[in-house]
Structures are given as structure tokens and as C-alpha cells.
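Starting off with a structure, shown below.
Where a number appears in this text, it was derived from the coordinates with a stated rule and is not lab data. Here the structure is a predicted model, which means the values were calculated and not measured. Please note: Cβ atoms are built from the backbone with ideal geometry, for glycine as well, and neighbour counts cover all protein chains shown.
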Amino acid sequence: MNRRDFLMAAGLGAMTLTLPRALHGAEGGPRRRPNIIVILSDDMGYSDIGCYGGEIRTPNLDGLASRGLRFTQFYNTARCCPTRASLLTGLYPHQAAVGHMTEDKGLEGYQGDLSHRAVTIAEVLRPAGYATYMVGKWHVTRYDTDKGPTDNWPLARGFDRYYGTIRGAGNYFDPGTLTRDSTMISPFADPEYKPERFYYTDAIADHAARFISEHVKQKPDRPFFLYAAFTAAHWPMHAPEEDIARYKGKYDGGYEPVRARRFQRLKELGLIHPEWGLSPQEGDWSKVENKEWEARCMEVYAAMIDRLDQGVGRIVAELEKQGQFQNTLILFLQDNGACQEAIGRSGQMTRPEKPTLPEIPLDAVRLDVIPKQNRRGIPTLQGPGIMPGPEDTYISYGINWANCSNTPFRYYKHFVHEGGISTPLVAHWPAGISRRGELEHQPGHLIDIMATCVDLAGATYPAEFKGAKITPPEGRSLVPAFQGRPIQREGLYWEHEGNRAVRVGKWKLVAKGAHGPWELYDMEADRTELHDLAAAQPERVTEMAALWQAWAERAKAVPWPWDGKDKADTFSKQKRFELKQGDSLPRARAPNIVGRSIDISATIQPEAADGVVVAQGGSNVGYSLYLKEGRLMMAVRDGSAFTAVAAPEKLPPGPVEVAARLAKDGTITIDVGGKRAASGKAPGLIPRMPADGLQVGSDENGTVGDYAAPNEFRGKIEKVVITLGE
Ligand SMILES: [Ca+2]
Ligand SMILES: [Ca+2]
């Protein structure tokens, strides 16, 4: 029993030994570790909320800001899934295998499913004595239907309780993939939550408040971690009518006055430098045809944020009621910049008088992101003939309003210019942050949230977890910044859809698209990225581009899926590989198995019934020689064609010679101790070079066989020889 366990067991709960002195109570005595609440919002711009210059009513967030700290240069990753993966794990998104969205692109950094080489904040804080709760949008697994598997859902990744949606987007009045703990439910057949009218933002806030109150009743001696991932204000523009009414007419003047007012307010608040220019205007209000509809889009958007803020108020009120407000760190931030995606903005639809489609039963679980219809049978209504807001509509607010939301920055969600990656960060903690209403100008990034939680909880970030080696954390604790002290770091990096950036000190190098040229900006003089210095400072560009490349290779951002076809001449020409236990060959140095027969021989001495002898590839394509329940197996995978051949008997004890072969016609054979043990037939040779490399003694990242990565071999692998045919 270590000291912390002792304190826990003794019911003392409070482990303050690792906390800096300044975090101790005013009386100088040890203070209880804080509760930590991370509130994330979805698809909002830098200047939407009041305390960051917006005209939208956010008194609760503004209140937290006035009693806490606002970071002016905090960064996310420019998109929903990668941000969530990065925030949860303290890694860059590609290291958590979510470099893009929840689709397996057959590349190590792009598997669309949270890596088991990563741990979540909940998995790290729970062993340190924290209770762990999550509400809202998960969106870091590709297994997002009611069929599961659920082993990458919140309860399997460290959370004690969960209420929310496994996928992103969805209808606010009837969200798809709504889940309580690990069971998908219908909001209209949920005995545990029966509001008068279901609205997802309210449901998230209500469950956050409920988890807090139940925590205090059930586990009063333990601190908690709560991750509240609201979906506001992601499309569709859906909000309760009473909130929309508050914004009626507010946007009738169009885009320009909103931007001008926000730009002015940002300067007054000190959030931006008075010398910086304003990004170019998108859209011309005088030319907008459907002005009433266009203004209504922004009214609904504002109402969604207003409602989100009311939800934050409910969380704050519950903390106060439960006596937890003083010693809870609340962090509020946004997952990416404002969203320019055009969803449901064209067409000629009108609302039918009667339902035109069959009803969907109220107890049916819905999975749809963009539903085709509502439960009553009204088709989903889109286009400028339909006013956004009600539950049968599905419309986004468009690029021109996104440009307003992102005042003063350029570009949007997806891009790693400042408009894509800049977010407010409000940090509120009366017992721990004495700077009230101040601004903190140091850059920070999502990767820092894990480090901050570990720091405050006195937790240990594990080197190994559930048998897998864990990638070391990338972030820095923000606790020094809370106290106005500097954070040291080499740089911050981004990659999304080939958009790239690196920031070192005041310099930012950024490019648009996989082949776009580098642009260089001095962020102290020009954070709105209007004066490209790349041509004037070619040496700095070369130097920073090299930093980005080294990071991209280390952090699995490359190889990336944005370049099209493989070039075969970049792969190894070697035909025979002599390998030893623990060897790992990256893709470029791994055997070029495309269209070639593969012979494997090895001498092994297993000490467990399961484990990989050698594997190359992953869940899309590859081969693996492994032990399952004591029997030797060879698997070959090509897309949905998966062939596995197993020796009928368990391996004999002691060192044993084994061999496996994939022959030209697809025949698979397994030999044990020089004798044929099994044979079978795959459709043919392997037609594509797998994205994953080769490992001896494990299968990293995506797995070829039907086991979880890395499935490490226990015992001895003496030598592995792989020989390729012509
Ligand atoms: Ca988002
Ligand atoms: Ca693999």
C-alpha cells in the first residue's frame, strides 16, 4: 500500500503532497485535491461567448471568466474527433489513432478508434482516487452502433458513469446513438430521465448536475472528474423557441456589423492586440436573397449557445448547492473553430401538412446523424424555404456567419490557421487560482489538459496500462500558468487533412492542404495571419518545416491518407529478413509483401496461451502468425476477406520449431516441429502494402487477427526468418 492508498483507505482522501505550495489553503494547511470539470462545446468560433467579445448572452461563462482566468491563445486540433482524442489522452490526435474522423484509413495514425496505446484522463485519475463521470459527445470510436462492441466506449475507457451520444452531430430533440452507461436508449423511453420536452443540451446539463449531486451523496470523501462534452452549437440549428425569440431581429443588419462590434470588443477586452488587422469579410449582406432565413440561422445559433450557457449555470448552481464550488477547477473550451460546412442550405422543401412517411416507434433506438425523417413521419426539412430551429429541420448556419463567429481570425473548422484552432479557455477555481478576471497570454493546447489533471490529482501517468505500453504524454501542466509563471515547451504542432502548422514561440508556420505552400507569421505582430513572411525569411521556413516533419513522423501524422497512391519503389527490396524478438520495422522497411508468397519460420518457447509471433499490417490488410488458446494460427486479411488457419492441437511444451506459408495460389500451411499441422486457403496473395509495419512478438495499432493490440507474446521467440517469393 503506498501513501496515497493509505490515505484513501483511512478515509482521508486528500493527497496534497504533490501540489505546489500556492495551491495550499490560505491558512497554510493541506487542501483537498480539487474536483475537475472539463466543459467542451462543439463548432463555435473564438468570439461567440460574451467574455471573448461576442454579443451572445452567456452570463454564466462570463461569470466564471470574471472570477477566473481567460487564456487568449489556447488551441484545439480543428476538428471534432481529433480534438476529443487529444483532450482525453494528452497526446496529439494521431498518436491516439484518431488523426481524422472515426473511419479506419488503414494507417497507424488514422484508425478512427481511440488507441489502447493511449490512456484517458479518466483512466489516469481513477486509480488516484477520483470518481469519473462523462456526459455528452464521445466520438472517438468507429464502433458507434447499438451492435457495439463497447470496449472503446466511455465505461470501458475509465468512466464510472456516462450519459450521452457515441457519435457526433444528430438531432437535438431526438439524438442518434443516445447511450446511458453502455446501453443505447431512446430519449422517449428512458425511465431515468423524463423531461417535459427533451432537448439534448438540457439533457447533458441535467445529467452533469445529477452526477455531481449523486457523487456528493455517495462518495463524499472522494474528488471527481467530470467531462461534459456539449454538442452546441454544431449543426443542425435546433433550439427551443423561447431562446430563439431572445435573438429575434438581432442579426437583421447582416454580417458586417457583427464582425465590427466583435472586433472592437476583443480589443477593449485586451484579448487581441489593437494593431492586428481583421480577416477578410466573407459574404455580402446586400446580395443575400433570403435575408429573413439567413438572419434566422444566426438567431438559432445564438440561442443554442445561450442554452448551453444556461446549462453551465445549472452545473455551477449544483456545485454551489453541494458545497463544491470553491474547490472545483472548471475549464471551458471549444473543440474547433466555427463551422463553414454547408448542410441543408439548398433545396426547395416545404413542410407537408401531414406525415408522408411511416412512424418510428417512440421506444426505437435511433442511430442516424442526419435523419431522413422524424418519429411522426415528417421528412427532414432543409433549404431556405424552411426556417431552422424546430426538430423536423436540419440546416447549418453557413460560411458567412462562421466568418463572424471566428472574428478576427481567418478560415474555419478543418483548417489550422487561427480560425480553425483558436479557442477560449476559461479556468475557474476559487480555491486554487487567485488571478481574478485576468488574461493569460501564453499559448496552450489540448494536450495540456491531461498534464494539468495529473498534476492536480497527484496521479501517475502510467508507462503501461492493461498490458500495453503507453505513449508518453505530450502536454505541460497549466498550473504554473494559473499562477502567472511560464510554461516551457519546444513547440506546438497540427495536422488535419493535410493542413499543417507548427508554432515555436511567436512564430507560426502554416499551410493549407497537403500540397499548399508554407506561410510564416509573427504571432505577436500579426496573429490574424495577414502578412506572410515566408518569402522574407526562407531559412526560418526551412528550419520550422523540418521541425514539423520530425514531429509528423514521431507523432504518426505521416504516412497520411491525403496523397493518393503508394509508390512501390519506396518500399524495401529485401527478400529475406532475419528478425529477433521485439524487432519493429516501419512500413518503409517492412517486407514488401504485395503479390508475393510469404514463408515464415521461427523457434518459440511460449509461456502463455495467447500472443503474436510476428505480424505485419492491421485491420485492413496483412498477415499474422500467433497463438490463440495454445494453438498456433496463421491469419491473412484483405479487406473483409479474413482467413485464419489453426493447428488442431495445442503446441507441445519446450522450444519448438514452427513454420507458416502463404503460397502463390493462396494456400496457407502451418508446420509444427517439422510436420504439417494444418492447411487452408485464402483468396490469394496480399494485394496491397499494409499501412502498419511489422513487429516480432506483438501486433501494434490495427490488428490482423481477432485479438486486441498489442497481444504481446510471453516467453521466448528465438529467431524469425521471413522469405518472400518472386
Ligand atoms: Ca466540432
Ligand atoms: Ca498491426
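How do 656-662, 37-43, 356-362, 239-245 rank on mean C-beta neighbours within 10 Å, highest first?
Result, highest mean first: 37-43, 656-662, 239-245, 356-362.
What would the Debye equation give as log₁₀ I(q)/I(0) for region 594-726 at q = 0.10, 0.15, 0.22 Å⁻¹, counting only Cα atoms as equal point scatterers?
-0.26, -0.60, -1.40
Could I ask something else about it? Using Cβ counts within 10 Å as a stand-in for footprinting exposure, how do Val612, Val645 rank, fewest first?
Ascending number of Cβ neighbours within 10 Å: Val645, Val612.
Provide Met101, Met689, Met298, Met634 in ascending order of the number of other Cβ atoms located within 10 Å of each residue's Cβ, fewest first.
Met101, Met689, Met298, Met634
Give the residue from Asn592, Met544, Pro517 lying farthest towards the positive end of the charge dipole for region 505-647; charges sit on Cβ (+1 for Lys and Arg, -1 for Asp and Glu) and the dipole is referred to the Cα centre.
Selected residue: Asn592.
What percent does the relative contact order of region 493-554 come to when contacts are Cα pairs within less than 8 Å and at least six residues apart? Walk me through the intermediate numbers first.
Numbers: 84 pairs, mean separation 15.8, N = 62.
Worked out over region 493-554, it gives 25 percent.
Do the alpha carbons of any pairs in Lys248/Lys291; Lys194/Lys248; Lys466/Lys628; Lys137/Lys194 sit beyond 22 Å of each other, and which pairs?
Lys194/Lys248
At a Förster distance of 35 Å, what's the computed FRET efficiency of Glu629 paired with Leu547, Cβ-Cβ distance as r, to 0.05?
Numbers: r = 47 Å, r/R0 = 1.35.
E between Glu629 and Leu547, to the nearest 0.05, is 0.15.
Continuing with the same structure: What value does the chain have for Rg/Rh, both radii from Cα atoms and Rh as Kirkwood defines it?
A ratio of 0.99.
To the nearest 500 deg cm²/dmol, what mean residue ellipticity at 222 nm is calculated for the chain from DSSP H runs of n ≥ 4 alone, each contributing -39,500 (n - 2.57), summed and divided by the residues?
Numbers: 13 runs with 143 residues, N = 726.
Helices in the chain give a 222 nm mean residue ellipticity of -6000 deg cm²/dmol.
May I pose another question? Report the paramagnetic label zone for Glu320: residues of region 409-438 whose backbone N is under 13 Å from a point 7 Å from Cα along the Cα-to-Cβ axis.
Those under the cut-off are none; the list is empty.
Helix 255-268 against the longest principal axis of the chain: what's the angle in degrees, Cα atoms only, rounded to the nearest 10?
Taking the Cα atoms of the chain, the angle to 255-268 is about 90 degrees.
Let me ask another. Exposure proxy check: His414, His515 ranked by fewest other beta carbons within 10 Å? Before the final figure, lay out each step's value.
Details: His414 17, His515 9.
In order of increasing Cβ crowding within 10 Å: His515, His414.
What per residue convex hull volume, in Å³, comes out for region 493-554 when only alpha-carbon positions are used? Each step should come with its number before you reach the end.
Values: hull volume 4.9 nm³, N = 62.
Given the Cα convex hull of region 493-554, per-residue volume reads 80 Å³.
Let's see if you can work this out: charge +1 on each Lys and Arg Cβ, -1 on each Asp and Glu Cβ, no other charges. What is the dipole magnitude of the chain about its Cα centre, in debye to the nearest 20?
Magnitude of the dipole: close to 1160 debye.
In whole Å, what is the distance between the alpha-carbon centres of region 636-662 and region 454-498?
A separation of 40 Å, based on Cα centres.
Run the numbers on the chain and let me know its relative contact order in percent, using alpha-carbon pairs under 8 Å that are six or more apart. Could the numbers behind the result be given before it?
Values: 1827 pairs, mean separation 118.6, N = 726.
Reported as a whole number, the value is 16 percent.
If the reach is capped at under 19 angstrom between alpha carbons, list the aspartates and glutamates near Lys354, excluding any in the same chain fewer than eight residues apart.
Glu391, Asp392
Set the Förster distance to 41 Å, then compute FRET efficiency between Ala189 and Ala641 from the Cβ-Cβ distance, nearest 0.05.
Step by step, r from the Cβ atoms, then E = 0.55.
For region 349-402 and region 700-726, compute the distance between their C-alpha centroids and round to whole Å.
That distance is 49 Å.
Among residues other than Gly622 whose Cβ falls under 14 Å from its Cβ, what is the net charge (Lys/Arg +1, Asp/Glu -1)?
Summing Lys/Arg as +1 and Asp/Glu as -1 gives -3.
Work out the length of the dipole vector of region 571-724 about its Cα centre, built from +1 on the beta-carbon of each Lys and Arg and -1 on the beta-carbon of each Asp and Glu, and round it to the nearest 20 debye.
Using only the charged Cβ atoms, the result is roughly 540 debye.
Can you list, bin by bin at 5 Å, the percent of alpha carbon pairs in region 398-491, starting at 0?
3, 10, 16, 18, 16, 14, 12, 7, 3, 1
So if I place +1 on the C-beta of Lys and Arg and -1 on the C-beta of Asp and Glu, and nothing else carries charge, what would the dipole magnitude of region 477-610 be about its Cα centre? I want it in debye, nearest 20.
Approximately 240 debye in magnitude.
Oh, and also: Using the charge dipole of region 208-258 (Lys, Arg: +1 at Cβ; Asp, Glu: -1 at Cβ; taken about the Cα centre), state which of Tyr251, Thr231, Ala208 has its Cα farthest towards the positive end.
Ala208
Pull up the DSSP beta bridges for the chain and report the antiparallel fraction as a percent, rounded to 5.
In the chain, approximately 75 percent of DSSP beta bridges are antiparallel ones.
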